[in-house]
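Contents: one structure, followed by commentary.
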Amino acid sequence: MSSNRPIAPSTLSVKDLPWQIIWDKDKCTLCGKCTAVCPVNAIELGVFRKRTIETTIGLESTPSNDFKIYYGIRQKTDPAYSCVGCAMCNLVCPNDAIIPAKSDEADKLRYHINQGGQPRRRGGRRSTPDSLLDMIKFIRISMLTDPALDAGRHEFELTTLLGRILSPEENLSFLNENGWIPPVREIYPLMIGGMSFGALSPNMWEGLQLGVSYLNEELSMPVRICTGEGGCPPRLLRSRFLKYVILQIASGYFGWDEIIHDIPDMKEDPCAIEIKYGQGAKPGDGGLLMWYKVNKLIAAIRGVPTGVNLPSPPTHQTQYSIEESVAKMIQSMSMAWGFRVPVYPKISATSTALAVLNNLTRNPYAAGLAIDGEDGGTGAAYNVSMNHMGHPIASNIRDAYLNLVKIGMQNEIPLIAGGGIGKNGNLSANAAALIMLGASCVQIGKYIMQAAAGCLGSETDRCNICNIGLCPKGITSQDPRLYRRLDVDKVAQRVVDVFLSFDTELKKILAPLGRSTSLPIGMSDAIGINDYNAANRLAIKYVV
Amino acid sequence: MCRLFAITSDKPLSPMKAIEALDVMREGHDGSGVGIFLRDLGGPFENMKDAPILSGVFSEKGLRRLDTFMMEIGFMTKYKLSIKVPKTPPPWVPKRDIYLVRAYEYPEEWDGLSRKELNERLLIIRLQLREMGEEKKDMIVFSFWPDTIMIKEIGSPMDVANYLKLDRKELEARVIMAQGRQNTNYEINLYACHPFFIQGFSTMTNGENTAFIPIREYLTSRGFHGYMGYQSDSEVFTHILHYISAKLGLGIEAYKHIITPLQNEDLKDHPNAFFLKQLKHSCRRLIIDGPNCIIGCLPNNTLFMAQDRKKLRPGVVGGKQGVFAFSSEICGLDAALPDRDKSKDFQPMHLDTAIVSPERQEVKICRQTDQLPLPL
């Protein structure tokens, strides 16, 4: 830009962007791989003019200018093309000549990323790396009076229950009187949460399903995966693997025409039905699949036209209250499968969660409650929803559990916790902490994308472009040129790796606490935190 | 670790029999306390099987408050065992005014009440007394139940027994349970001392139950006033036993299925697989996580021993027709019943419950993999 030209308000320099491309001219071979791979076209081939002044010694000749050009990489500063820091350029560069670096100060792009009046939308999760779950320590170590167990050799029963469990009195009397005993599934306490076919690429979806099937069939680990709101491929609906799948229905009802029509052809019942009322990452907001990702396949499975935005309404339009919801939706879903399949709602963590929970306690068909905290991830949402809306999971789950204890129903309605578990890589510690706060089971989404498929997204706003279908790893893209980068079998293998290592780590936590006979749900005496107010709030020990 | 000893005998025995067995096992306990439970009483209590007996520790003032309270309800003292103690207690034993063992006549207005109603009222009175005592720190109540005496004190079992002169002839019973050592994870408190008692059920345990907090939460949320206290993690074993029996109508054979249910592999081949799976699900919050060896007594004077799933605690049952003993260590059993056939000693493993019924003919071993007698 010329110095005497007027500048537009959104004219930014490279320095103003969150990521600066560091490019080394000496190492660069000009192969062009980086510019080809960049998902947002943030870099392009640059032609640089360079003037060299040739000075001479003595007076015989005068200094001269030598004008040359060289070719290299130029970073665009248009907000629409700003670098997202994914570092795919670095991944493909044969000479390590290029890398994005995070700006040393807060970027100015954030003030301009609403061009045309459209606020920023993105994927990922809340842009805050801190985690209360990481602060929780396991403090009740078995010493002498009850020897610590050998995590490697001792037997452990780590399964949990999903489904409405009767009180012992009711159970015995229903057994006697041939009453209806609600379906209950024994499952692994770490579940893959709802990520839709559409939000995820076909390869990613298939890899996850394959991994889950392997865990069940070959390793006898009853791991379950939720479909998210996007329907389910008919081939899976009609396969025996459906029993490892939790079908999700949400306010857009995408794909449910196909599912309902397939019921007569199902060889197995699904594990459960999850009714999504809310999502932790964007509470009070419906699902969103942006038009970029709605190709022919996705449109067919969801029963919609191609190339249109698919925003789900924030609420189920057929219902105006929780009573309606419970009465109509949970019961009709139960009825659809002959009352053989547990049906439970999933809500965003909220200060009103107890009202929902208390309502569920009075409905014998409610099979549990999933609560998704503010640190949950999403494929697409408004940045403001992700960063500022929502309730932390720890206190919400704890309140819900203690509420159930108060009314004596802690065994009857399993609580499923989600949102930010393993946010900083501490998957098993975070999961165990939530279980000890009262969760029966935990759900992960973002973590499995990171661990099983190499998702690059971060809480310092790296990549996070899942919404526009340009995922450079092919995880959340519907473009075959992108998703063929992802090897289905290798994703499956990583899923298995994650669950096996989680299993070992969970045992490494439980064994020193002396727990092996059952999952330590609500074992709050085992945990402590070095924040006095947090300890009081969670009714756990304050330790310093 | 606590040392446990229990004996059931056709002939009434002195509690010293159990104390002596504990003393043989003294290497294993720290002498910090003793608890004794006596049932199917002999001596002067033989002829008053239906009279509720109050056992506890009182100060002079507490005793006066007790008398006023009991008289107001209409209870009349029928018989009392006076335990006078020397002026100076042995080391570690606190100075107390009165160790009370007193049998009462029911109030006249209670005539004609059903057994169930009587049981409820006796429990309520015990809890009221406990609350009164905790308020003024002048009474500690262990049991208020027919044909039942409990004595608990801090100190070495033998010292305490000599100090309280437990070898007195008025004190004998056909069923005796005794435990040496207090639960020392918490403040030393007589309410933390095993055996624990509720409405005819009593248990004592060694080891620590690491699932204590969720179980306590579950029991206290059952809406039953008797499920309280929990100064010790072992109290939940007594209350679980009471819950499955009094509230769910299940027998002792089901106890292990509640506290340590079979794993799915074993469950699927079990003749009662469906029933047990249901039980495992609905009673999931009562699953213990030991290591624990539990010795207990049922209202009909059946004695039993069960181990947790880990089976990391010792425990042995032996004896002969007419007398059987349960001990946390073999040396305790040897001391009490040296002339038994040792080849018939049995150490219950992770699936077993050893049961001696009041007829005292044999040790019945109930394995969890066996068919469950279901009167349901």
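The values are calculated or read from the model by the stated rules, or taken from the named source; none is laboratory data. Predicted model only: the values in this text are computed from it and were never measured. When we count neighbours, we look across all protein chains shown, and the Cβ atoms used for this are built from the backbone with ideal geometry, even at glycine. Quick note on the areas: whole protein, heavy atoms, side chains included, nothing else; ligands and nucleic acids left out. Shrake-Rupley method; radii C 1.70, N 1.55, O 1.52, S 1.80 Å.
Highest mobility in the GNM of chain B, judged by mean-square fluctuation with C-alpha springs under 10 Å and restricted to B:Asn292, B:Asn206, B:Asn264, is found for B:Asn264.
For A:Ile7 and A:Lys328 in the same chain, what is the full-extension length gain: residue separation times 0.36 nm, less their Cα-Cα distance, in nm? Mind showing how you got there, number by number?
Working: separation 321, 0.36 × 321 = 115.56 nm, distance 5.84 nm.
Gain on extension, A:Ile7 to A:Lys328, equals 109.7 nm.
When the Gaussian network model of chain B links Cα atoms closer than 10 Å, the mean-square fluctuations of B:Thr220, B:Thr203, B:Thr260 top out at B:Thr220.
Quick one: helix A:202-217 against the long Cα principal axis of chain A, what's the angle to the nearest 10°, folded into 0 to 90? Helix A:202-217 sits at roughly 40 degrees to that axis. Calculated [222 nm] ellipticity per residue, helices only, for chain B: -7500 deg cm²/dmol; basis is -39500 (n - 2.57) per DSSP H run with n ≥ 4, divided by all residues, nearest 500. With both labels modelled 7 Å from their Cα along Cα-to-Cβ, the A:Gln319 to A:Leu30 distance reads 6.3 nm. Exposed loop sites are taken as GluC sites (Glu not before Pro) in a DSSP loop (any state but H, G, I, E or B) with at most 12 other beta carbon atoms within 10 Å; the longest stretch of chain A without one runs A:219-544. Can you give the longest stretch of chain B with no exposed loop site, where a site means trypsin sites (Lys or Arg not before Pro) in a DSSP loop (not H, G, I, E or B) with at most 12 other C-beta atoms within 10 Å? The longest uninterrupted stretch comes out as B:269-376. In the context of the full set of protein chains, the range A:14-118 has a per residue accessible area of 63 Å² (1.4 Å probe).
Taking every Cα-Cα distance in the range A:157-524 and sorting them into 20 Å bins starting at zero, the pair-distance distribution P(r) comes out as 31, 62, 7, 0 percent.
Amide H contacts of A:Arg120: A:Asn383, each under 5 Å away and 5 or more positions distant or on a separate chain (H built 1.01 Å from N in the peptide plane; Pro and chain starts excluded).
Over chain A, calculate the relative contact order: mean separation of alpha carbon pairs under 8 Å at least 6 apart, over the residue count, as a percent. Intermediate results must be reported in sequence, preceding the final value.
Numbers: 1200 pairs, mean separation 104.3, N = 544.
Across chain A, relative contact order equals 19 percent.
Between amide H atoms placed 1.01 Å from N, distances below 5 Å from B:Thr77 occur with B:Glu105, all of them 5 or more places distant or on a separate chain.
Note on the range A:312-356 and the range A:149-212: Cα centroid distance 19 Å, given to the nearest whole angstrom. For chain B, the solvent-accessible area works out to 37 Å² per residue, with a probe of 1.4 Å and every protein chain left in place.
In Å² (nearest 100), what accessible area is buried between A and B, both sides summed, heavy protein atoms only, 1.4 Å probe? Each step should come with its number before you reach the end.
Values: alone 24680 and 15470 Å², together 36710 Å².
Separately minus together, A and B give about 3400 Å² buried.
Placing +1 on each Lys and Arg Cβ and -1 on each Asp and Glu Cβ, with no other charges, gives the range B:3-367 a dipole about its Cα centre of roughly 220 debye. The solvent-accessible area of A:Tyr277, taken with every protein chain present and a 1.4 Å probe, is close to 60 Å². Taking θ as phi - 60° and the Karplus parameters 6.51, -1.76 and 1.60, the scalar couplings of the range B:350-361 work out to 5, 10, 9, 10, 9, 10, 10, 6, x, 6, 6, 9 Hz in sequence order, x denoting glycine and proline.
Exceeding 25 Å between C-alpha atoms, which entries from my cross-link table qualify? They are B:Lys11/B:Lys310; A:Lys102/A:Lys423; A:Lys276/A:Lys490; A:Lys296/A:Lys328; B:Lys310/B:Lys364. Could the numbers behind the result be given before it?
Working: B:Lys11/B:Lys310 36 Å; A:Lys102/A:Lys423 20 Å; A:Lys276/A:Lys490 30 Å; A:Lys296/A:Lys328 33 Å; B:Lys310/B:Lys364 22 Å.
Violating the 25 Å Cα-Cα cut-off are B:Lys11/B:Lys310; A:Lys276/A:Lys490; A:Lys296/A:Lys328.
For the range A:1-104, the set of trypsin sites (Lys or Arg not before Pro) satisfying both a DSSP loop assignment and a count of at most 13 other C-beta atoms within 10 Å is given as A:Lys25, A:Lys27. For A:Val223, the residues whose modelled amide H falls within less than 5 Å of its own, excluding neighbours fewer than 5 places apart on the same chain, are A:Tyr188, A:Asn216.
Work out the P(r) tail for the range A:204-306: percent of alpha carbon pairs separated by more than 17 Å, whole number. Please report the intermediate quantities before stating the final value.
On the way: 2876 of 5253 pairs.
That fraction is 55 percent.
Using θ = phi - 60° in the Karplus curve 6.51 cos²θ - 1.76 cosθ + 1.60, the 3J(HN,Hα) couplings for the range B:209-220 round to 9, 6, 8, 3, 4, x, 5, 4, 4, 5, 5, 5 Hz; x is entered for Gly and Pro.
Label sites at A:Glu268 and A:Ser501, each approximated as a point 7 angstrom past Cα along Cα to Cβ, lie 2.7 nm apart. The modelled label-to-label distance for the pair B:Phe69/A:Asp66, using points 7 Å beyond Cα in the direction of Cβ, is 10.6 nm. Relative to the longest principal axis of the Cα atoms of chain B, the long axis of helix B:273-282 lies at roughly 50 degrees. In the range B:270-309, the residues that give up 40 Å² or more of accessible area when the other protein chains are added, compared with the chain on its own (1.4 Å probe), are B:Gln278, B:His281, B:Ser282, B:Arg284, B:Arg285, B:Ile287, B:Asp289, B:Arg309.
Just the number, please: carbon plus sulfur as a percent of the accessible area of chain A, 1.4 Å probe, no ligands or DNA/RNA counted. The computed percentage sits at 53.
Over the range B:36-79, what percent of the accessible surface lies on carbon and sulfur atoms, probe 1.4 Å?
Values: 1030 of 1880 Å².
Ligands and nucleic acids excluded, carbon and sulfur reach 55 percent.
In the range B:83-215, Rg over Rh equals 0.97, where Rg is the alpha-carbon radius of gyration and Rh the Kirkwood radius from pairwise Cα distances. Please give the Cα centre distance for the range B:50-93 versus the range B:333-371, rounded to the nearest Å. The range B:50-93 and the range B:333-371 have Cα centres spaced 37 Å from each other. To the nearest 10, the accessible area of A:Ser3 is 120 Å² with a 1.4 Å probe.
Treating only the Cβ atoms of Lys and Arg (+1) and Asp and Glu (-1) as charged, compute the dipole magnitude of the protein assembly as shown about its Cα centre; round to the nearest 20 debye.
On the way: 104 positive and 99 negative charges, 363 e Å.
Using Cβ point charges on Lys, Arg, Asp and Glu, the protein assembly as shown gives about 1740 debye.
Rolled with a 1.4 Å probe across the full set of protein chains, the surface gives B:Tyr104 an accessible area near 0 Å². Taking one quarter of the surface of the convex hull spanned by the alpha-carbon atoms of the protein assembly as shown gives a direction-averaged projected area of 50.1 nm².
Given their separation in residues at 0.36 nm each and the Cα-Cα distance between them, B:Lys136 and B:Glu46 gain 29.0 nm when the chain is fully extended.
Just which residues of the range B:190-222 lose 10 Å² or more accessible area with every protein chain there, against their chain alone, with the probe set to 1.4 Å? Flagged in the range B:190-222: B:Glu208, B:Thr210, B:Ala211, B:Ile213, B:Pro214, B:Glu217, B:Tyr218, B:Ser221, B:Arg222.
Multiplying the sequence separation of A:Lys15 and A:Thr128 by 0.36 nm and subtracting their Cα-Cα distance, what value in nm do you get? Before the final figure, lay out the partial values.
Values: separation 113, 0.36 × 113 = 40.68 nm, distance 2.25 nm.
Difference between extended and current length: 38.4 nm.
Relative to the longest principal axis of chain A, what angle (0 to 90°, nearest 10) does the C-alpha long axis of helix A:488-510 take? Roughly 60 degrees, rounded to the nearest 10.
In this Cβ point-charge picture (+1 for Lys and Arg, -1 for Asp and Glu), chain A has a dipole of about 1320 debye about its Cα centre.
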